[in-house]
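Novice: First the structure, then my questions, so here it is.
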Ligand code: GDP
Ligand code: MN
């Protein structure tokens, strides 16, 4: 769960990480009058994406009138597709230098990783590319709950050697870095990133976290009641973390089923013309993983490795008809798949619901002239007789929308063979245009 900057800064302050003075949040220009403002102040757009500065989402105001004008401007803004509904107001600080600092977990080894650079404030990926030496990185094995003293010294010295003026603030810098690490550990965070951690001209408070990216681990939220309480988050609610999802993933999330795009940046992906891209609607998660493997396996064996599965999906146990329909709609609205391969292995879930959902999706799309692609698959298991009946009846009633629907009913063919038939059909359609 990704936190908004104002929430993250509440946690920072709680864990002893200094920030610019927080003046409050507003959702309307009139609300500015309710805050005890001081000037100059910063107005910051609260959206769960980075790069707000470049997008015009960070502004400075020298008096109330200016704050009103800028708040009005910001509240009308949309940043990377997300409308700005809340603004954070905080004290503007005099920045002498910008540090990048983050703590995260290495996804392969689960070791903690501390990353820092004196070339902060800007896009850190760019720094990593152009000046790799400007980045200091340390793995912390054995999951220490506190930052070891020698590491704190090492990172402080590194930064002090890179930025003039930092030598006078070494003690505060060291304390802040240790506090950031401890905060990461105590909150079960996945990522704590401060870009920039700033050096100010204020000798009383020379080191402040001017920005805050904070991602909590969803799997640990159950034991983070105090953290959620501190930010006023309703523990029954769950935040939809849009920042790291593709448009298709967030659509699936809203419809309550797990879905993962397997190709990076699917909406701008350049397909290779000779390859067949396959969308998958399996039953459960296990079948979902199997389907990905088997499509690749059959593709490698019989089709020269020219088959690309595009997604993982899971219907969840006992999905309602409308959810099954939505699973097919999602893939047919998706720009990548040339066809859908589906497998309903009815256990908890019923074949009857599955086929009704599938038929409904195809009929709806046909009636409204939406994109349709071949669907090929198999269904076996629970409620197969009534599913077969419903399927036969539907084909007689409305043959046109179902003309490119090919479902093996029953287990006379193993799934590997069904997939092979499906891919052969998919390539044929691709070459002959049906
Ligand atoms: P981001 O663009 O979404 O990462 O938003 P940030 O909170 O990092 O703000 C972008 C930039 O605005 C920072 O890198 C700073 O250079 C600048 N900035 C933010 N707060 C202040 C402030 O209090 N004073 C000054 N002078 N600049 C600020
Ligand atoms: Mn930033």
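The numbers here are math on the coordinates, done by the rules we state, and not lab data. Because the structure is a prediction, the values reported are computed rather than measured. We place every Cβ from the backbone using ideal geometry, glycine too, and count neighbours over all the protein chains shown.
Novice: With the crude spin-label approximation of a point 7 Å out along Cα→Cβ, what separation in nm comes out for residue 333 versus residue 274?
Specialist: 3.5
Novice: Could you tell me the distance between the Cα centroids of segment 326-365 and segment 370-434, to the nearest Å?
Specialist: If we compute the Cα centre of each part, the gap is 10 Å.
Novice: Okay, moving on. Using 16 Å as the cut-off for backbone N distance, which residues of segment 162-181 belong to the label zone defined by a point 7 Å from the Cα of residue 146 along Cα→Cβ?
Specialist: 174-181
Novice: Now a separate question. Using just the helices of the chain, give the 222 nm mean residue ellipticity in deg cm²/dmol: DSSP H runs with n ≥ 4 each add -39,500 (n - 2.57), and the total is spread over all residues, rounded to 500. Each step should come with its number before you reach the end.
Specialist: Working: 12 runs with 155 residues, N = 434.
Rounded to the nearest 500, it is -11500 deg cm²/dmol.
Novice: Continuing with this model, one more query. Subtracting the Cα-Cα distance from 0.36 nm times the residue separation, let me have the gained length for residue 91 to residue 137 in nm, one decimal.
Specialist: Working: separation 46, 0.36 × 46 = 16.56 nm, distance 3.09 nm.
The span from residue 91 to residue 137 would gain 13.5 nm if fully extended.
Novice: How do 134-144, 343-353, 70-80 rank on mean C-beta neighbours within 10 Å, highest first? Can you show the working numbers first?
Specialist: Values: 134-144: 13.5, 343-353: 21.3, 70-80: 16.3.
Going by the mean number of other Cβ atoms within 10 Å, highest first, we get 343-353, 70-80, 134-144.
Novice: Right, here's the next one. What FRET efficiency, computed as 1/(1 + (r/R0)^6) with R0 = 35 Å and r the Cβ-Cβ distance, is obtained for residue 65 and residue 262, rounded to the nearest 0.05? Don't skip to the end; give the middle numbers.
Specialist: Details: r = 52 Å, r/R0 = 1.48.
Given R0 = 35 Å and the Cβ-Cβ separation, E is 0.10.
Novice: Another question, if that's okay. For the chain, find the longest principal axis of its Cα atoms and tell me its angle to the long axis of helix 149-162, 0 to 90°, nearest 10.
Specialist: 80
Novice: Subtract the Cα-Cα distance of residue 204 and residue 106 from 0.36 nm times their separation in residues, and report this length gain in nm to one decimal.
Specialist: Working: separation 98, 0.36 × 98 = 35.28 nm, distance 3.54 nm.
Gain in length upon complete extension: 31.7 nm.
Novice: If you build the convex hull over the alpha carbons only and average its shadow over all orientations, what do you get for segment 40-136? Give it in nm² to one decimal. Kindly include the intermediate steps, with their values, before the conclusion.
Specialist: On the way: hull surface 31.8 nm².
Convex hull of Cα atoms, orientation-averaged projection: 7.9 nm².
Novice: Turning to a different aspect of this structure: Does anyone have the angle between helix 285-302 and the longest principal axis of the chain? Alpha-carbon axes, 0 to 90°, nearest 10?
Specialist: With both axes taken from Cα atoms, the answer is about 70 degrees.
Novice: What percentage of all Cα-Cα pairs in the chain are separated by more than 29 Å?
Specialist: On the way: 53981 of 93961 pairs.
Tail of P(r) above 29 Å: 57 percent of Cα pairs.
Novice: How far is the Cα center of segment 155-178 from the Cα center of segment 240-314, in Å?
Specialist: Between the Cα centres of segment 155-178 and segment 240-314 lies a distance of 46 Å.
Novice: Relative to the first principal axis of the alpha-carbon coordinates of the chain, what is the inclination of helix 64-75, with its axis defined by its Cα atoms, in degrees from 0 to 90 and to the nearest 10?
Specialist: 20
Novice: Among DSSP bridges having both ends in the chain, what percentage is antiparallel? Round to the nearest 5. Mind dumping the intermediate values first?
Specialist: On the way: 47 of 66 bridges.
Bridges in the chain that DSSP calls antiparallel: roughly 70 percent.
Novice: In what sequence, highest mean first, do 180-193, 389-402 appear when ranked by Cβ atoms within 10 angstrom?
Specialist: Details: 180-193: 20.9, 389-402: 14.3.
The peptides rank, most packed first, as 180-193, 389-402.
Novice: What order, most packed first, do the peptides 55-63, 245-253 have when packing is the mean number of other Cβ atoms within 10 Å of each residue? The partial results should precede the final answer.
Specialist: Numbers: 55-63: 15.9, 245-253: 17.8.
So the order, starting with the most tightly packed, is 245-253, 55-63.
Novice: Also, I was wondering about something else. Measure out, as a whole number of angstrom, how far apart the alpha-carbon centroids of segment 1-74 and segment 190-204 sit.
Specialist: Here the answer is 16 Å between Cα centres.
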